[in-house]
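Here the structure is laid out as structure tokens; the discussion comes afterwards.
The values are calculated or read from the model by the stated rules, or taken from the named source; none is laboratory data. Since we're looking at a predicted model, the values are computed, not measured. Neighbour counts are summed over all protein chains in view; Cβ atoms, including those assigned to glycine, are modelled from backbone coordinates with ideal geometry.
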Amino acid sequence: MRPLRFVALGDSLTQGVGDPVGDAWRGWAALLAEGIGPAHAPAEFTNLAVSGAQTRDVLERQTPAALALRPDIVSVVIGVNDTLRCTFDIHAVAARLDKVYAAFREQGAVLLTACLPDPGTMLRLPGALARPLARRQRAVNTVVHALSERYEAVHLHAAEGGWVTDRSMWSSDRLHPGERGHRQLALRFHAVLAEAGLATGTAPAAEPEFPAPTRSASLWWLATAGTGWVARRCTDLLPQLLTLAAAEVRHKAWGTSSRLDLSASHAVASALAALSVTEQPDAA
């Protein structure tokens with residue numbers, strides 16, 4: 001009998017950014033993989049996540065590669081980069097995720113999914129800038145939650161809670177977990193998998209294996225790679241974000257801010273309603 005196969009799809013979060021080991025990133029998925037199977041039969045792990053990936057990349061590039069591996073367990077944690085683009089469209093996000101989830105469930109894989117914190121809050125942006133991003137991330141999270149129920153995914157609620165506000169969980173860029181945060185994600189995923197009878201190995205340790213980066217090392221990372229990372233993902237969003245922020249200010253002045261929330265809720269409902277109603281996939 002072959003070992004369980006675990007394949008991880010997604011962006012920089014799943015790639016492991018924020019949890020360096022030597023010259024590479026490790027991250028929550030690799031930590032989780034170590035505890036899925038028992039010591040005498042560890043899970044086979046493949047990480048297909050790529051920094052900067054959006055739902056389109058997961059659908060068109062990562063999913064075909066993952067399906068070819070015929071995983072027993074597959075994680076699909078994606079969507080934050082979609083919210084940081086001027087092309088953000090919750091209808092398109094929902095349609096892509098629906099296709100990805102359906103493909104893996106049709107093959108019999110167990111799906112792992114998660115809701116995530118919004119980047120505006122993590123970056124501590126001013127309210128008028130943060131609220132549009134928060135509205136977008138809530139929309140993505142609502143879609144992920146609804147589709148996770150449809151496809152019977154093992155779902156982790158990671159958008160809120162103490163780990164989000166605990167500074168020790170996050171790296172210097174404030175967008176990616178540090179080693180402690182990645183371990184927290186791995187622990188929580190392991191717990192829900194173990195509850196479902198799908199993880200039989202030892203849970204990852206909660207305490208970091210390596211000392212936290214010094215302040216000078218963190219500042220150096222931000223001044224070099226970190227600044228470039230943010231710039232590459234926000235260049236095309238910034239003009240639109242400023243327009244969205246201006247709309248936030250106007251609606252607040254007019255006392256009509258609730259209209260923006262209502263419009264976003266209607267868009268999510270429309271996106272979910274537009275998905276074809278198909279027969280529920282058989283459980284693996």
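Among (1) assigned to a helix (DSSP H, G or I); (2) touching a residue at least 40 places away in the same chain (Cβ under 8 Å), where does ALA134 come up short?
With (1) assigned to a helix (DSSP H, G or I); (2) touching a residue at least 40 places away in the same chain (Cβ under 8 Å) applied to ALA134, the lone miss is (2).
Within the group PRO204, PRO177, which residue is touching a His at 6+ places or on another chain (Cβ under 7 Å) and either on the phi > 0 side of the Ramachandran plot or in contact (Cβ under 8 Å) with a residue 60 or more places away in the chain (or both)?
Result: PRO204 is the single residue among PRO204, PRO177 that is touching a His at 6+ places or on another chain (Cβ under 7 Å) and either on the phi > 0 side of the Ramachandran plot or in contact (Cβ under 8 Å) with a residue 60 or more places away in the chain (or both).
Taking the condition at pLDDT 85 or above, in a helix (DSSP H, G or I) and touching a strand residue (DSSP E or B) at 6+ places or on another chain (Cβ under 8 Å), does SER148 pass?
For SER148, the condition - at pLDDT 85 or above, in a helix (DSSP H, G or I) and touching a strand residue (DSSP E or B) at 6+ places or on another chain (Cβ under 8 Å) - is met.
Looking at segment 109-131, can you tell me whether even one residue there is over 30 Å from ARG250 (Cα atoms) and charged (D, E, K, R)?
Scanning segment 109-131, I find no residue that is over 30 Å from ARG250 (Cα atoms) and charged (D, E, K, R), so the answer is no.
Which residue pairs have Cβ atoms closer than 6 Å, lie 6 or more positions apart in sequence or on different chains, and pair a first residue in segment 141-152 that is under 19 Å from ASP118 (Cβ atoms) with a second residue that is part of a loop (DSSP other than H, G, I, E, B) and of a type outside the set (D, E, K, R)?
These pairs meet every condition: ASN141/ALA159.
For segment 121-131, which residues satisfy the criterion of being among the basic types (Lys, Arg) and part of a helix (DSSP H, G or I)?
ARG131
Can you work out which of the residues in segment 139-159 that are under 19 Å from LEU125 (Cβ atoms) and under 13 Å from the mean Cα position of the chain (by Cα) is surrounded by the most Cβ atoms within 10 Å (Cβ to Cβ)?
VAL140
Failed condition for ASP166, given (1) buried (at least 17 other Cβ atoms within 10 Å of the Cβ); (2) free of Cβ contacts under 8 Å to residues at least 40 places away in the same chain; (3) not hydrophobic (A, V, I, L, M, F, W, C), with all others met?
Going through (1) buried (at least 17 other Cβ atoms within 10 Å of the Cβ); (2) free of Cβ contacts under 8 Å to residues at least 40 places away in the same chain; (3) not hydrophobic (A, V, I, L, M, F, W, C) one by one, ASP166 breaks only (1).
In this structure, does ARG85 turn out to be more than 19 Å from ALA49 (Cβ to Cβ), touching a helix residue (DSSP H, G or I) at 6+ places or on another chain (Cβ under 9 Å) and modelled with pLDDT under 95?
no
I'm checking my understanding of the structure. Among residues of segment 1-44 that are closer than 26 Å to ARG56 by Cα and of a type in the set (Lys, Arg), which one is surrounded by the most Cβ atoms within 10 Å (Cβ to Cβ)?
My answer is ARG26.
Just a yes or no: is a residue in segment 20-38 outside any strand (DSSP E or B), within 16 Å of the chain's Cα centre (by Cα), aromatic (Phe, Trp, Tyr) and more than 25 Å from GLU207 (Cα to Cα)?
No, segment 20-38 contains no residue that is outside any strand (DSSP E or B), within 16 Å of the chain's Cα centre (by Cα), aromatic (Phe, Trp, Tyr) and more than 25 Å from GLU207 (Cα to Cα).
Is there any pair with a first residue in segment 60-78 that is surrounded by 22 or more Cβ atoms within 10 Å (Cβ to Cβ) and outside any strand (DSSP E or B) and a second that is of a type in the set (Lys, Arg) and modelled with pLDDT of 95 or more whose Cβ atoms are under 6 Å apart and which are 6 or more apart or on different chains, and what are they?
Listed pairs, sorted by first residue: PRO71/ARG5.
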